[in-house]
Amino acid sequence: MSMSIRQFEPSRAVEVIAPRYGSGYCIGGRLVLTAAHLLGDVGSSCTVRAKQSFGEKAAHTIWKAKNLDIALIELPSEVERVEATVLGKLPKANTSEKLDFQMYAYPRWGRTQRDAGKTAAGGRQIEGVIYLADTSPDGLLVLEPQRLPTAVTTVQSEWEGASGAAIVCDGLVIAVQSQHQNPKRPASLEASPLWTVYDDKQWQQLLERHGIKPEMEVAHLRESLPRSPFSAASFHFSTYRPETWTGREDALFELTQALQNGSCLLLIHGMTGIGKTTLAERLAAEFAMPETYYVVAFDQGDHSKSFSRGALAILQTLGDDTAQQLPDEQLLPHLLQTLEQHPCWLQLDSVEYLLSQNDDGESHFSDLTWLDFFYQFLTQSSNARIVLTSQALPTDLVNRCLRYDNLWQDFSLAGLERDLWLALFNNYGVTPQTDQDTQHLYSIADYFEGHPLILKMIAGDIGKRPFNGDVSKYWQEYYSQRQNQLPPKLRQSQEQRARSWVNQTIQSLPDLPRQMLQHCAVFRRPVPETFYRVMLPELTPNDADSTLMMLKNRNLVEDHDLLAGQFWLRQHNLIREVAYANLKRDRSVWEAAERQAAHLWLNSYVPAPDALNIESVRGYLEAFDHYCEIEDWEEACAVLDTQIDSPTKEALHWQLETWGYYQDEIRLYERVLGQTSTERDILWHRGFGLAYSRLGDFANATRYLQGGLQLAKNIADKASESKILGNLGTVYLFKGQYEQAINYYLQDLEIAREIGDRRGESYALGNLGIAYKNLGQYEQAINYYQQPLVIARETGDRYSESLALGNLGIAYESQGNFDQAIKNFQQWLIIAREIGNRKGESSALGSIGSAYINLGQYELAIDYCQQSLTINHEICDRRGEGLNLGNLGIAYTNLREYDQAFDYANQHLAVAREIGDRRGEGAGLRELGVTLLRQESIAEALENLEAALNIFQEVKSRHDEAEALKNLGELYQVLGEIDVARQYAQQALALATELDISLKDECLGLMEKLETGGG
């Protein structure tokens, strides 16, 4: 099907001339939607007229709803087909909510009187409101039109002729105007909703034949946008200051109207320095709330154009520190869901960094997923607002979203108008004293066409020594001389003139301020003021203070934020770009500046006490990028190798993996791969493989691990070869291909023993135990688990000992030996706490809780699972969080506290889906199914259990598959379908017997009940 149109288009309206006069609407292909009472039987002829397109044509009635006033007309083949509209329905009613509607009709009151008593039809666009709580005795929609007939009769309705008009809400065709029953009440109409015929098979077939999707979307309930009760001081704005705000009333009015009319996406575009961010912040001060106002600036950081990196930056800003654990394909729906569930005001600055130019000079998004994001954001029911600022207009976004112009608005921002020029100078402390002063200021502003940043810089120059506010002195002694160096106004664009002035301003600075500005241009994000003061190490503290003060006074450096009692500074993009280009002209000076910046990030950056994990290592990440800029790969790699002060004491790149920042980890490897030694490249290949496997991207994981394996073989690096073979085994373990995993683990084990790597041998044996446990071969698994325990105790490796104890406990639990399992888990817990392994401590606590569930000691299980869950949240272990949520749900189900059980199961399912854990998703669905079964919600229980079974079979989790089969047997037992129940119970018993797990006793019990009458 071609793209559907979600927009009210009056040009689609037609007149139904005969058999009865009324209105209609072309909904796609050659189909006209109208009212059934206007037409004869199905198959009969009718006459339709569209004056502006096909004229008057004979057509046929091809479908009429049963007992509803809805019908379809098919136009003749010579009429050109039209694009499909989108059909819709109203959201669930709440008494306080309403929706605007539109229709185009041919009512009696729109007719014009002609000679001899004749009348001519006149079409009318009619708008109004649907109050969702209003009801009609006939089940129709109640419409309150705003445009009404001027005269009212008691005999014939003035709305005669409007019957058959399509009712459009939020761009969706939702209903058909029915016959007006009460001429005395012209302010109230009724319409037949389309969702009442949704299940009609013939309706669906006819729509599909004409390229129209039968599925109905839900009209959006966009909340009205109240004014913010907070002052601008409540926000952390980067550029907007009420005391220096100048004009822009037309822009504010237009954008405010758009917001109040339901627009949820604004795009402010214009050249650099023109005031886009300031205008966006001014709008936020008007409508946003400080606690839900967020800003992401794409000119900061690594300047990636990819949607994945941008989406992660947005989600992290919104407080989601775990989205890095999602595969790329899940980021788009996850971000949309986040915005829908947590409405906010989101400002995305410097969108031009996401764009590229095509051959025609048009700017397009480099990653087309951005288009999908904005398009889907517009069409989802979200009360979030997004404001974009960009130097370039992304024409592909305009073209993609053109049909949703009621939901978004773009605004081209130019320089300040002439009548605001003096006001801006005055706001920055420059007031003309004479008519000559006024003329000078007008001449300056005219040359730069009211460019706010340049005028602000010039105001800073005038206000300080040696001019001290004397406009004429500035003009005569400074500006007129520099103006001679500038090209005539007509020979350069406004942006070129602005860049030239910035460059001249920088070049005319005294040495120390110029050097500080240019050296600090290496910073890619706002930095503490102290960084500026020590960026030139040879400066005394007094010189540094006076130098920085000059830059601030001349508006070349701006206060960005106040954190922990210290100002953070930034340079405007235009100033930074020019200053950085000047700095790079001397390579040695540029490299020294990048090194000094790296040194400051490594030694002087202090993260906030409550900083996210990623922000606690921001200094290392920024230093890494500074070294990469100058291609000092050894120093960059040394940063990656730095041991982080965390409970696990890992190198930076491994620490990111432990925290779940897989995408950031991959970005680091991308920069250094192939830049240093083969030994390091082997390590980076391993890192790639592990990160991609965590993301569920097994193809890339295998590709990088195989590449690293070949490099290790090339240089006879047996230790690395062993590790990578083990990593490859784990990839296949995650994929459920256990035999292939065992093959790699055996190769890993052989090499580890060959080179005397006892810890490597221990890991390989433990992994073999895991693989055999997943195959249901528990005796073999226990045998492999016991061997690493012996090795760990021989070598004093407490960490490996704890892992072996945990694995043994899991194997015993699978066999139903819960008391032995708990003993192993308790020893695991003791060692984990002893060595400070918080993740191990959490896993041990959760495992004890799981064992107590199996023993029926649910209160005790809940206590252990809650302790484990607390640590999960502390260390951002989403997978562990999901397991504990699931176990808590199971415990509460068995305690018959179904509301809590249902809540925990839903949370487990949500976490599993967020991190791409398919087995966890299946477990969450099974938990929901069991809880619903206990509540006798049979249909929903069946849906969840069948979905869970499909996932378990997909990922080859045979233990879980057996559980789901047993649950389905229990469900059909409740339904009284004993034969079906017996089939599921037999399958569960066969699998449990093959796996030799304790579940087989439960299956035997179920079979016995079924054989003795189903009870």
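The values are calculated or read from the model by the stated rules, or taken from the named source; none is laboratory data. Because the structure is predicted, anything quoted here is derived from the model rather than measured. No Cβ is skipped: glycine too gets one built from the backbone with ideal geometry, and neighbour counts run over all protein chains shown. Heads up: the accessible areas ignore ligands, DNA and RNA and are worked out on the full protein's heavy atoms, side chains in. Shrake-Rupley method; radii C 1.70, N 1.55, O 1.52, S 1.80 Å.
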Original post:
So, of the residues in the stretch 788-804 that are hydrophobic (A, V, I, L, M, F, W, C) and within 19 Å of Y778 (Cα to Cα), which turns out to be surrounded by the most Cβ atoms within 10 Å (Cβ to Cβ)?
Top reply: A804
Subject >> Candidate set: the stretch 666-712, residues that are touching a residue at least 60 places away in the same chain (Cβ under 8 Å) and not charged (D, E, K, R); chosen: the one surrounded by the fewest Cβ atoms within 10 Å (Cβ to Cβ) >> reply: G696
**OP:** Within the stretch 263-299, track down each residue that is over 21 Å from the mean Cα position of the chain (by Cα), outside any helix (DSSP H, G or I) and not β-branched (V, I, T).
**Re:** H269, G270, M271, G273, G275
Original post:
Assuming W601 fulfils every condition listed in (1) surrounded by 17 or more Cβ atoms within 10 Å (Cβ to Cβ); (2) assigned by the TED database to the domain that holds T530; (3) not hydroxyl-bearing (S, T, Y) apart from one, which condition is it?
Top reply: (2)
**OP:** Hey, could you check the stretch 74-87 for residues that are among the hydrophobic types (A, V, I, L, M, F, W, C) and in a loop (DSSP other than H, G, I, E, B) and say which is nearest to E190 (Cα to Cα)?
**Re:** V86
Original post:
Among (1) open to solvent by 50 Å² or more (accessible area, probe 1.4 Å); (2) in contact (Cβ under 8 Å) with a residue 24 or more places away in the chain, where does N807 come up short?
Top reply: (1)
Original post:
Which one is most open to solvent (accessible area, probe 1.4 Å), of the residues in the stretch 451-478 that are part of a helix (DSSP H, G or I) and of a type in the set (K, R)?
Top reply: K473
Subject >> Test for Q300: is it open to solvent by 20 Å² or more (accessible area, probe 1.4 Å), in contact with a Lys or Arg (Cβ under 8 Å, 6 or more places away or on another chain) and assigned by the TED database to the domain that holds T369 >> reply: yes
Subject >> Check on S412, touching a residue at least 60 places away in the same chain (Cβ under 8 Å) and touching a helix residue (DSSP H, G or I) at 6+ places or on another chain (Cβ under 9 Å) >> reply: no
Subject >> Of the criteria (1) open to solvent by less than 10 Å² (accessible area, probe 1.4 Å); (2) not in a helix (DSSP H, G or I), which one E936 fails >> reply: (1)
Subject >> Residue under evaluation L393, criteria (1) open to solvent by 10 Å² or more (accessible area, probe 1.4 Å); (2) under 11 Å from the mean Cα position of the chain (by Cα); (3) closer than 28 Å to R6 by Cα, criterion not met >> reply: (2)
Original post:
Which one of N783, N743, N767 is touching a residue at least 40 places away in the same chain (Cβ under 8 Å) and open to solvent by 20 Å² or more (accessible area, probe 1.4 Å)?
Top reply: N767
Original post:
So which strands (runs of 3 or more DSSP E) are wholly in the stretch 1-73 and hold at least 3 residues that are in contact (Cβ under 8 Å) with a residue 12 or more places away in the chain, of a type outside the set (S, T, Y) and open to solvent by 20 Å² or more (accessible area, probe 1.4 Å)?
Top reply: 55-64
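Taking the stretch 556-571 as the search range and keeping residues that are open to solvent by less than 30 Å² (accessible area, probe 1.4 Å) and more than 31 Å from the chain's Cα centre (by Cα), which one is farthest from P607 (Cα to Cα)?
Keep residues of the stretch 556-571 that are open to solvent by less than 30 Å² (accessible area, probe 1.4 Å), which gives 556-558, 569, 571.
Remaining after also requiring more than 31 Å from the chain's Cα centre (by Cα): 556-557.
Working: L556: 26, V557: 23 Å.
Within the stretch 556-571, the match that is farthest from P607 (Cα to Cα) is L556.
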Subject >> Among residues of the stretch 309-337, those that are open to solvent by 20 Å² or more (accessible area, probe 1.4 Å) and assigned to a helix (DSSP H, G or I), counted >> reply: 10
**OP:** Sort out for me the helices (runs of 4 or more DSSP H) sitting completely within the stretch 573-652 that have 3 or more residues that are within 28 Å of S350 (Cα to Cα).
**Re:** 573-583, 587-603, 613-616, 618-629
Original post:
Does any residue of the stretch 493-502 turn out to be farther than 24 Å from Q391 by Cβ and crowded, with 21+ Cβ neighbours inside 10 Å?
Top reply: no
Subject >> Matching entry among L945, L975 (being surrounded by fewer than 18 Cβ atoms within 10 Å (Cβ to Cβ) and in contact (Cβ under 8 Å) with a residue 24 or more places away in the chain) >> reply: L975
Subject >> Matching residues, the stretch 978-1015, being of a type in the set (A, V, I, L, M), touching a residue at least 40 places away in the same chain (Cβ under 8 Å) and closer than 24 Å to I853 by Cα >> reply: L995, I997, L999, L1006
Original post:
Just checking, which of T431, T438 is in a loop (DSSP other than H, G, I, E, B) and either in the same structural domain as M289 (by the TED database) or over 29 Å from L354 (Cα atoms) (or both)?
Top reply: T431
Original post:
Which condition number does R499 fail, the rest of (1) closer than 30 Å to R595 by Cα; (2) not in a helix (DSSP H, G or I) being met?
Top reply: (2)
**OP:** Say whether the condition of being crowded, with 23+ Cβ neighbours inside 10 Å and at pLDDT below 90 is met by at least one residue in the stretch 854-874.
**Re:** yes
**OP:** Go through (1) within 34 Å of the chain's Cα centre (by Cα); (2) open to solvent by 40 Å² or more (accessible area, probe 1.4 Å) one by one and return the number of the condition T993 breaks.
**Re:** (1)
